[in-house]
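Trainee: Handing you a structure now.
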Amino acid sequence: MEILILITIGYILSYWLRKNNKITQIDHLKFWDSILLVSAIVTAISAIILFLLGEGIQLVDINMRPIHKYAGAITILLMLFHVIDHLPQFKAFFVKRG
């Protein structure tokens with residue numbers, strides 16, 4: 001699970017860079033959205049391969065369970081970061097209007 005710690009440190013660093021105007025908000029969002037997309041694709045492909053293995057169809061000769069587990073954990077962590085990044089856009093939904 002060291003990868004989750006490294007991703008968290010990377011996110012905090014890029015968040016700090018964004019807040020201190022070293023990188024733009026768009027660059028920050030594009031980078032993390034791209035990483036989220038890649039992790040979601042890896043999770044989905046490994047899930048399909050695991051399903052096919054359960055059906056008796058072997059496409060690859062490697063154990064996909066650890067890949068699926070880590071890619072899924074990374075995807076969940078990045079989804080939480082994604083929600084944090086976009087929370088201000090939904091502020092109107094949570095604020096009572098007079």
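Trainee: Between PHE94 and ALA44, what is the label-point separation in nm under the 7 Å Cα-to-beta-carbon projection?
Mentor: 2.8
Trainee: Then there's this: For the chain, please report how many Lys pairs fall under 22 Å Cα to Cα, leaving out neighbours fewer than 8 apart on the same chain. Please list the in-between numbers first.
Mentor: Numbers: LYS19/LYS30; LYS19/LYS91; LYS22/LYS30; LYS30/LYS91.
Total qualifying Lys-Lys pairs in the chain comes to 4.
Trainee: Loop only by DSSP, 11 or fewer other Cβ within 10 Å of the Cβ. Give me the trypsin sites (Lys or Arg not before Pro) in the stretch 38-98 that pass, ordered by residue number. If you can, show how the numbers build up before the last one.
Mentor: Values: sites: LYS69, LYS91, LYS96, ARG97; in loops: LYS96, ARG97.
Passing sites in the stretch 38-98 are LYS96, ARG97.
Trainee: Here's a follow-up. Under a plain spin-label model, where a point goes 7 Å from the Cα along Cα-to-Cβ, how far apart in nm are LEU13 and ASP27?
Mentor: Rounded to a tenth, the inter-label distance reads 1.4 nm.
Trainee: Which FRET efficiency value, to the nearest 0.05, do you get for MET1 and PHE51 by plugging their Cβ-Cβ distance into 1/(1 + (r/R0)^6) with R0 = 22 Å?
Mentor: Values: r = 25 Å, r/R0 = 1.13.
According to the calculation, E is roughly 0.30.
Trainee: In whole angstrom, how long is each semi-axis of the equivalent ellipsoid of the stretch 1-57, when you take the square root of 5 times every eigenvalue of its Cα gyration tensor and sort them from largest down? Could you put the intermediate results ahead of the total?
Mentor: Numbers: eigenvalues 228, 33, 3 Å².
Each semi-axis is √(5λ); the values are 34, 13, 4 Å.
Trainee: Give me D for the chain in µm² s⁻¹, whole number, from Stokes-Einstein with Rh from the Kirkwood sum over alpha-carbon pairs, 4 °C and 1.567 mPa s. Don't jump to the answer; show the numbers that get you there.
Mentor: Numbers: Rh = 15.6 Å.
Rounded to a whole number, D works out at 83 µm²/s.
Just so you know, all these numbers are worked out from the coordinates, no wet-lab data involved. Worth saying up front: this structure is predicted, and the values here are computed from it rather than measured. Positions of Cβ are generated from backbone atoms using ideal geometry, with glycine treated the same way; all protein chains shown enter the neighbour counts.
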